[in-house]
Amino acid sequence: MSGSNWRRVSRAELCHDQAAAQPRKGERMTTTSNRVPGVIDAAASYTLAEFRRRTGLGSYAFRQARTAGLRVVEVGRKRYVLGSDWLRFLEQQAAEESSA
């Protein structure tokens with residue numbers, strides 16, 4: 001077995017590696033797919049969590065957008081952002097920047 005890339009691994013090492021690869025309770029596994037901003041469709045509605053994930057906005061930037069006029073629709077205890085409202089908000093922000 002000389003020259004081989006195999007090595008004996010203890011059970012403790014194996015369990016430690018598996019535990020490190022799993023997210024803790026209440027955490028999400030961070031992968032490229034859930035960090036990369038996505039597409040916002042004008043005809044869709046998004047929960048706040050999904051909207052923030054897709055746009056890449058943090059909590060502070062999201063609060064600033066709401067203060068600047070981004071509309072959030074509340075249905076019962078759930079809150080949503082409409083894709084059309086987000087696209088309209090972006091157009092307004094771009095118009096304000098170009099006129100300033």
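The values are calculated or read from the model by the stated rules, or taken from the named source; none is laboratory data. If you're wondering where the values come from, they're calculated on a predicted model, not measured in any experiment. Reconstructed Cβ throughout: ideal geometry from the backbone, glycine too, with neighbour counts over all protein chains shown.
Numerical summary
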{"quantity": "Residues that are closer than 18 Å to Val39 by Cα, surrounded by fewer than 14 Cβ atoms within 10 Å (Cβ to Cβ) and over 19 Å from the mean Cα position of the chain (by Cα), drawn from the stretch 72-96", "calculated": "Glu91"}
{"quantity": "Enumerated helices (runs of 4 or more DSSP H) restricted to the chain, each holding at least 2 residues that are modelled with pLDDT of 90 or more and touching a helix residue (DSSP H, G or I) at 6+ places or on another chain (Cβ under 9 Å)", "calculated": "48-55, 59-67, 83-99"}
{"quantity": "Residue ID - nearest to Val39 (Cα to Cα), chosen from residues in the stretch 54-71 that are among the polar types (S, T, N, Q) and over 12 Å from the mean Cα position of the chain (by Cα)", "calculated": "Gln64"}
